[in-house]
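The values are calculated or read from the model by the stated rules, or taken from the named source; none is laboratory data. Since the model is a prediction, treat every value here as computed from it, not as a measurement. Here the Cβ is made from the backbone with ideal geometry for all residues, glycine too, and neighbour counts use every protein chain on show. In case anyone asks, the SASA skips ligands and DNA or RNA and just uses the protein heavy atoms, side chains included. Shrake-Rupley method; radii C 1.70, N 1.55, O 1.52, S 1.80 Å.
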Amino acid sequence: MKEDRDSIMSDVPSNAPEHCPGTTSEKAGKGSACAGCPNQTLCASGATKAPDPAIAEIAEKMLTVKHKILVLSGKGGVGKSTFSAHLAHALASDASKEVALLDVDICGPSIPRIMGLDGEQVHQSGSGWSPVYVEENLAVMSIGFLLSSPDDAVIWRGPKKNGMIKQFLRDVDWGDLDYLIVDTPPGTSDEHLSIVQYLSSAGIDGAVIITTPQEVSLQDVRKEIRFCQKVKLPIIGVVENMSGFVCPKCKNTSQIFPPTTGGAERMCEELGLRLLGQVPLDPRIGRSCDEGRSFLSEVPDSPAALAYHSIVKSIQEYCSNLVTEEQTMD
């Protein structure tokens with residue numbers, strides 16, 4: 001089914017029928033699926049097609065954020081949140097930079113655990129919600145901070161998820177930031193549409209897409225790439241996680257997840273994308289995440305840590321070049 005950008009961004013009310021075209025669609029209130037919907041008269045009037053005022057409010061809020069980076073994955077369990085956390089840690093290792101990590105994985109928030117912030121809570125101030133700080137220059141916000149227990153399930157439909165993401169972007173007192181890293185859920189769901197829509201006026205530097213070498217993961221990543229192209233979201237590059245296992249004793253590399261179709265490297269060649277790097281498997285990464293500590297500072301000389309640093313450097317260069325291009329255009 002072919003959809004233009006407007007239909008991709010459409011909002012669907014929680015009380016809408018199954019085939020609702022979305023309140024901002026040209027078919028809103030007029031299609032056969034709208035018959036009997038309690039919102040039909042309002043949608044047909046055209047009032048719902050007005051831009052969400054939150055977009056302008058968020059754009060104003062984001063004026064103090066220099067770089068906004070989304071971290072995406074086509075499939076769960078490929079190390080997306082782990083990468084997001086370590087990207088934030090690596091950027092914040094420069095004490096002169098202010099960094100924030102926003103977790104919009106509403107139903108599966110793992111960032112609090114990975115960042116060692118389980119049990120922390122969000123506090124309200126006169127200027128909005130205060131994020132939780134790992135370091136003086138590293139702030140974190142997640143729905144996990146709003147739950148009474150880490151085991152609580154978040155069972156929400158799309159509109160409620162969208163409302164929470166809107167609050168995170170508009171109502172959190174981020175302050176002046178050099179980097180805002182947004183950790184998203186796997187796939188292309190409501191959360192992705194919302195974050196792209198709400199940041200559309202603020203400008204997103206681009207997305208980093210995480211995969212593993214096997215075709216079952218790459219197949220979903222291709223869908224993620226197509227999503228980025230549809231919503232005109234720049235792709236910074238692709239990171240291949242779990243790319244071989246380097247034995248800590250003999251230093252030989254074994255392919256635990258064989259790249260049967262050439263892995264991320266061949267996919268990037270075929271699609272004209274940049275392969276930012278390949279991070280080998282290291283059990284110490286998982287242990288560090290479970291214990292809420294940065295793997296990069298725990299084992300700084302490991303092959304995985306060196307791969308991370310190389311990837312982070314490439315992302316920093318991308319953001320710097322983007323600023324230079326914008327200044328040249330001005």
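Heavy-atom accessible surface of THR324, to the nearest 10 Å², is about 80 Å², with a 1.4 Å probe and all protein chains retained. For the chain, the relative contact order works out to 20 percent when only alpha carbon pairs closer than 8 Å and six or more residues apart are counted.
Could you provide, to the nearest whole Å², the per residue accessible area of region 177-330 with probe 1.4 Å?
On the way: 7180 Å² over 154 residues.
With all protein chains present, region 177-330 gives 47 Å² per residue.
Could you do me a favour and compute the accessible area per residue for region 36-124, 1.4 Å probe, result in Å²?
Numbers: 3760 Å² over 89 residues.
Roughly 42 Å² per residue, with all protein chains present.
Within region 98-162, which trypsin sites (Lys or Arg not before Pro) sit in a loop by DSSP and count at most 13 neighbouring Cβ atoms inside 10 Å? Passing sites in region 98-162 are ARG157.
Taken as Cα centroids, region 247-294 and region 132-183 sit 28 Å apart, rounded to the nearest whole angstrom. On the chain, 49 percent of the accessible area sits on carbon and sulfur atoms, based on a 1.4 Å probe. Comparing the chain with the 2.2 N^0.38 Å rule of thumb, its C-alpha radius of gyration ratio is 1.03 (two decimals).
Provide the percentage of antiparallel DSSP beta bridges, counting only those with both residues in the chain; round to the nearest 5.
Details: 8 of 39 bridges.
That works out to approximately 20 percent antiparallel.
On the basis of the beta-carbon distance and an R0 of 22 Å, GLN124 and ALA56 show a calculated FRET efficiency of 0.40.
Heavy-atom accessible area for LEU306, with the other protein chains in place and a 1.4 Å probe, reaches approximately 100 Å². Taking every protein chain into account, the 1.4 Å probe leaves TYR318 with about 50 Å² of accessible area, to the nearest ten. Once backbone amide H atoms are built at 1.01 Å from N, VAL65 has LEU177 as its partners under 5 Å, excluding neighbours fewer than 5 places away on the same chain.
Just to be sure I understand: if I project the alpha-carbon convex hull of region 157-255 onto a plane and average over all orientations, what area do I get in nm²? List each step's numbers first, then the result.
Details: hull surface 35.7 nm².
It is 8.9 nm².
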